[in-house]
Amino acid sequence: MRKILYLVLIIAVFTSCKSTKHLLTEKSAPSYLSSKVQLTISGKEGGEITVGGSMKLKSKERIQLSILMPVLRTEVARIEVTPDEILIIDRMNKRYVRSRKEELKNILPKNAQFSHLEKILFEASLPNGKSELTAKELGILGFQKSKVRLYDFSTQEFTMIPTEVSGRYTQVPVQVLISMLEDLL
């Protein structure tokens, strides 16, 4: 199930969907957005797992997604996205992937842009915004019943420190993620 969680997280972060909602203008768009996250992943054999977490976004700079272990509320994974790079940290196995967007172009959707993801998140925070996205809507094949729900939004300013990876963690290549995806599908 942990592999499925990472798969959905990776794709959800970089995937976008079309919306008919009005675009936020730069003048009216807040610079900060935070929310709680509920991620429900459907397994191959019909089972489901739901985990919680949090999302923080600083406009045009960085998005941090933290996934927490149920009950203990310990961080099991962190994904940090900037306009040019993605960092995925697997806290359970003490490993991480740091990749430039260009390195991921073969596994990301064609329209995977930081600005588009930012737009989706800000639109989700609006009254009557689409705050629950299914894997199917995100274009994630094989996980049509999985979904991400964002709630308890705030536009209050906060401090966001870029994630530093401890020397105790091992960097793994992007190919490890690709092989993990192939094993799951």
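The values are calculated or read from the model by the stated rules, or taken from the named source; none is laboratory data. Everything numeric here is computed off the predicted structure, so don't read it as measured data. Positions of Cβ are backbone-derived with ideal geometry, glycine not excepted, and every protein chain shown enters the neighbour counts.
Some notes on this structure:
- Any chance Arg98 is in contact (Cβ under 8 Å) with a residue 24 or more places away in the chain, over 12 Å from the mean Cα position of the chain (by Cα) and not in a loop (DSSP other than H, G, I, E, B): yes
- Pairs, first surrounded by 14 or more Cβ atoms within 10 Å (Cβ to Cβ) and aromatic (Phe, Trp, Tyr) in the range 139-154, second modelled with pLDDT of 70 or more and assigned to a strand (DSSP E or B), C-beta under 8 Å, six or more apart: Phe143/Ile41; Phe143/Ser42; Phe153/Leu33; Phe153/Ser34; Phe153/Ser35
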